Amino acid sequence: MSAADATAGRADAAGMARTKAPAVAYISWIALALMTTASVASLRPSPTMAVYGLACIFLYVVPAIVFLLPTSLVSAELASGWKGGVYNWVSTGISKPMGFLAVWCQFAMTIFYYPTLLGFVASTLAYVINPALASSGVWTALVIVVCYWSGVFISSRGTKGVAGLASWGLIIGTLIPGALLVLLGAVFLGQGNESAAPMTAENLLPQWAGLASLVLIVNNFLSYSGMEMNAVHVSSLKNPGKEFPRAIFLAMGLVLLIFILPALAISWIVPAEQLSLTAGVMQAFDAVLAVFDSQWLTPIIGIALVAASLGGMLTWLAGPSKGLLLISRQEGYLPPFLQKLNKNGVQQNLLVTQGIITTIIALGYALIPQVSSAYWIFSVITTQVYLIMYLLMFVAAVRLRRTHADHPRGFRAPLLVTMCVVGFTASLAALLVGFIPPSQFSEGNPLIYFVIVAGGALGLGLLVPWLFYRFRKPSWKQPDAAAQTEAEVSGS
């Protein structure tokens, strides 16, 4: 071989290497912080915390420290070392059955999450049509059923580009209305109007009403959940060890501002005893816009909030079920009926089955006298089911650090064991406290509340996956179909 041929060969080899190993597309830590903020922050929980006025700061900051921070850093280490999401983390760290339980809870929480989200949509939409409908359980149930099944129809057709709605949703349905609400609230106070909630130092802590007071913090755990999904982006940072903590702390600050300031603004304008947990955002807008003779903006803001919520629902609708479908085809956890795909490659049978359960739950809004009570109960059930997954994740993280100490990781969480202990303890406490009726349910029957919450959380979160696992059959495994599904999921 001549020198020229050798040179040409080396050039060709270098060219092939460049073709096979494209440059990694890095993102900045600020971009990751904004992505995290977009996926976590929302105005929806603001009315729930506005009831407690200045104490909402405490009720948001505590869960951020004992739950948001540990879940963010721990899931980042797991995501940087093991692909496949929470199923692979828990399966490798504990066992495959526990991995199935974890991915099931990640999916099952959405069964109660959608009625909660769409309950907010119903109350918001009521202010566009007729504000009196906001307290109607029948109206709320009708909107939940229609919106959910419309979402299933859209998702089953394999519609692409829906994910882009989430980014616009942050701007249209969260940042702009939230900033406007805070601005108008500040002007409202600046004009000499008295705040509906006292803003003095002695009101920084919530009033103690026994264990029922602790339930207030439980609902905020759900507000911060989902960080394990954002952790997959840790490998896209140039220096994960330094940049990921920066991104998390910036995101925490932004999320706290988006959660706290609108809640405070609502507490300035709407008295706690008049506040609806589902329609409180629109109540505040309607009240403050009336002060400025600008109530014509209320329907426009309502439409923006509805559009953002529906966009968020569509982006979430097929996601968790795809992960469950893939694992079930590989390991045979679900019967073949629930594993079937339609002609567009969408798990339609799984979505339809989920929709039937969601429809039944939606009737709870029509049967439970107060819409706000139904909203709270479903929020607690959603949180408890999701917390089961987090308990397993923290245990798996400690075991993986000990049993796979040399496994390569792009990011190593500082004080991981301490973080896991804090996160596990906080999650377990929140799960147990969720069975106690909050102070605003003092007039109701605590036994009925316990039965509803326990039946929903433990039945859906533990009993149902145990039954699937107990009665599974070898014929349920479809490894070839699982490989095809994985390719479709990656390409979607």
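Each value in this text was obtained by applying a stated rule to the coordinates, not by laboratory testing. Nothing here was measured: the structure is a model prediction, and the numbers come from that model. With ideal geometry, Cβ positions are generated from the backbone for all residues, glycine too; neighbour counts draw on all protein chains shown.
Modelled spin-label separation between GLU194 and SER135, with each label point placed 7 Å from Cα along the Cα-to-Cβ direction: 2.4 nm.
Size of segment 235-286 from its Cα atoms: along the principal axes, largest to smallest, the extents are 49, 16, 15 Å. Three semi-axes describe the equivalent ellipsoid of segment 283-438; taken as square roots of 5 times the Cα gyration tensor eigenvalues and ordered largest first, they are 36, 26, 19 Å.
When peptides 328-338, 446-456 are ranked by their average number of other Cβ atoms within 10 Å per residue, the highest-first order is 328-338, 446-456.
Once the Cβ-Cβ distance of ALA272 and LYS473 is raised to the sixth power relative to R0 = 41 Å, the FRET efficiency obtained is 0.15.
A full extension of the chain between LEU297 and VAL352 corresponds to an added length of 16.1 nm, given 0.36 nm per residue minus the alpha carbon distance. The largest-to-smallest principal axis extents of the Cα set in segment 329-401 are 46, 41, 19 Å.
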